[in-house]
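Have a look at the structure below before the remarks.
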Number of protein chains: 2
Amino acid sequence: MIVVCLPRLPRVAVCGGTHGNELSGVYLVRELLKAEKKVMEKEEEEPLSVLMVLSNPRAMQQCRRYVDTDLNRCFTHAKLNGPIPDDAPYEIIRSRELNATLGPKGNPEAVDLVCDLHNTTANMGLCFIAYSDCDWICMHIFRHLQASTNNVPMRYIHFDVSNKESYSLDSVGKHGFAMEIGPQPHGVVRSNIYTAMKVGVQHMLDWVRIFNSGTIFEGGCVDVFTMIKHIDYPRDSETRNITAAIHPQVQDRDFCLLHPEDPLFQTFSGETLRYKGNEPLYPFFINECAYYEKGIALSLARKRRVMIPAIRVQTEQQQQANKQEFASEEEE
Amino acid sequence: MIVVCLPRLPRVAVCGGTHGNELSGVYLVRELLKAEKKVMEKEEEEPLSVLMVLSNPRAMQQCRRYVDTDLNRCFTHAKLNGPIPDDAPYEIIRSRELNATLGPKGNPEAVDLVCDLHNTTANMGLCFIAYSDCDWICMHIFRHLQASTNNVPMRYIHFDVSNKESYSLDSVGKHGFAMEIGPQPHGVVRSNIYTAMKVGVQHMLDWVRIFNSGTIFEGGCVDVFTMIKHIDYPRDSETRNITAAIHPQVQDRDFCLLHPEDPLFQTFSGETLRYKGNEPLYPFFINECAYYEKGIALSLARKRRVMIPAIRVQTEQQQQANKQEFASEEEE
């Protein structure tokens, strides 16, 4: 058996409130902060450093997605490193603070893993959203969650975007993913969704501790949904108002294959509009509230099975050799 | 058989967007306005005047419940008639415009019926919400909808508030009710909820036309849910943040009897909190998004059966006599 050895993950960040009205993450991070305080009072030693972050406190306070601009689109290389005007949007300023705390992005000082907590109004169950389909850490964590929970459907979504162009908070860590759970209306907290997220985060942290302790995780396969394209609502050419809603046969059917000529929208006058693509694809983010303004009624993905290798943590010696290698690269 | 004769209803208002992020009403009123334009182009004569109103265009534009203050709390006698400062909230100004168009409230010039369209994140099906449990017009319309639709659960909710203290837009008409449909996240339009509202409004207008034409409607009974009290979320005494969500056994169970000691909340640390009332009551508006800020986790109602009489429209002579009576009252 080939076992891929990967660096230890001593620092993990769990972030909530990146979108201020996605409440599971807001209340979960608050709860974890309270629990952490109790642990610290007991002065218990924890070998894993878990950083709990409330990403957008102003948006949380107003129970809105964002104040000036979508924080979770601010973490591209260009936006993090460009000139910053005096009247910069709040989220641009906040993204640099977060990059300083959790990053800098692309730097060896960055935290090892960022898990950013999100909710969606779409019926997506629990999804990992990542920029890579070969990040064995994220994919092994995903498999661990799949094996540990049986009452929540789970999928792994891959946005094929380069590291430089990646725009979301989780891209600041060495590894990172968004944990997206729905359906839940924004501005609302539902016990079942909150609990699914809490359990997911616990399993994720458990996995990291077991990994760091030296356990070997066997290889296997993961079904990956790679985002292919977005589809917008039909709109009035003058007013740009939408003229149709998601068809009742598609609503809540995230990850159910959509075939050419299947019903897709129902206009407000009652007409059915059909999917005009050439290829059957998997819809997701169907009728996500926050995407009306982004011109996205749903996204479409292709599914394929990815084989992942067995992994284990590097030994002290391997880590040391790696560090020296990195240092000599720096010197070049 | 005793038949109560009631005045004709020549003018009806259908209002959407009173809350700018409750989208079924917004899109339905836009659709009805388009249809009206087509009818007007054909110069067809319609004996019933139906006024379509988009109540809060600024909030709609921002896809928020309101801009400065909740418009649907601005229609008390005091707020409509008090002094108005230069820096009055937008909704205070807008409420007076609407009162001028649809009212004035309490005045014989007011429209005969206001149907104000709303959505809720709660699993309430289609509800009429009214201030009276003896408004035979509203209650007969409700019975007509109940008899005409079988795929949407329907309830009649009564808020026991005096006409003077009544605060919502529908209180401006001679008769009025809110048509509240859920579950739907705010900022989202779901086809099934949109269609239920569209069909509901069509049946409502059909009923008014049939009533005006002189048809007798038989008496019968209506189950009325009278609001008794609101219950807030458990909150942190310092931060005022909520510390629990609706219990999974109560979530989505609107109008299912809640007994003393039944689970009610689940704290974010996982503890169950129970209903401490003395009397079994019917919960509704369970986990409504917009009520977090109002301190309402759910409302509780008592149910009772109300007998309603047979009704028909007054004859021309009766109407004339009524008008004279009203004029002489005015002179006194």
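Just so it is clear, none of the values below were taken in a lab; they were calculated from the coordinates. This structure is a prediction, so every number in the text was calculated from the model and none was measured. A quick note on method: Cβ atoms are made from the backbone with ideal geometry, for glycine too, and the neighbour counts reach across all protein chains shown.
A few comments on the model shown:
- Average beta carbon contacts from partner chains per residue of A:283-290, 10 Å cutoff: 2
- Unit Cα scatterers, Debye sum, region A:81-234: log10 I(q)/I(0) for q = 0.14, 0.16, 0.17 Å⁻¹: -0.79, -1.01, -1.12
- Residue A:58-residue A:215 FRET efficiency (beta carbon distance; Förster radius 25 Å; 0.05 resolution): 0.05
- With contacts taken as Cα pairs under 8 Å at a separation of at least 6 residues, chain B carries a relative contact order of 20 percent.
- Förster-model FRET efficiency, 51 Å R0, residue B:249 and residue A:316, C-beta, rounded to 0.05: 0.50
- With Cα atoms as the point set, region B:200-278 shows a radius of gyration and Dmax of 20.8, 61 Å.
- FRET efficiency, residue A:235 to residue B:87 (Cβ-Cβ, R0 45 Å, nearest 0.05): 0.80
- Highest mobility in the GNM of chain A, judged by mean-square fluctuation with C-alpha springs under 10 Å and restricted to A:122, A:310, A:110, is found for A:310.
- Highest-fluctuation residue, A:198, A:37, A:164 considered, GNM on chain A with Cα pairs under 10 Å: A:37
- In this simple spin-label approximation, residue A:305 and residue A:276 carry label points 7 Å from Cα along the Cα→Cβ vector, and these lie 3.6 nm apart.
- Alpha-carbon radius of gyration plus Dmax, which is the widest Cα pair, for chain B in Å: 20.8, 69
- Out-of-range pairs (alpha-carbon distance over 27 Å; input B:164/B:294; A:276/A:303; A:38/A:79): A:38/A:79
- Quotient of C-alpha Rg and 2.2 N^0.38 Å, computed over the protein assembly as shown: 1.10
- Principal axis box of region B:1-120, alpha-carbon based, largest edge first, Å: 49, 35, 28
- Taken along the Cα-to-beta-carbon direction at a fixed 7 Å, the label points for residue B:259 and residue B:324 span 6.2 nm.
- Label point distance in nm, residue A:41-residue A:97, each placed 7 Å from Cα along Cα→Cβ: 2.7
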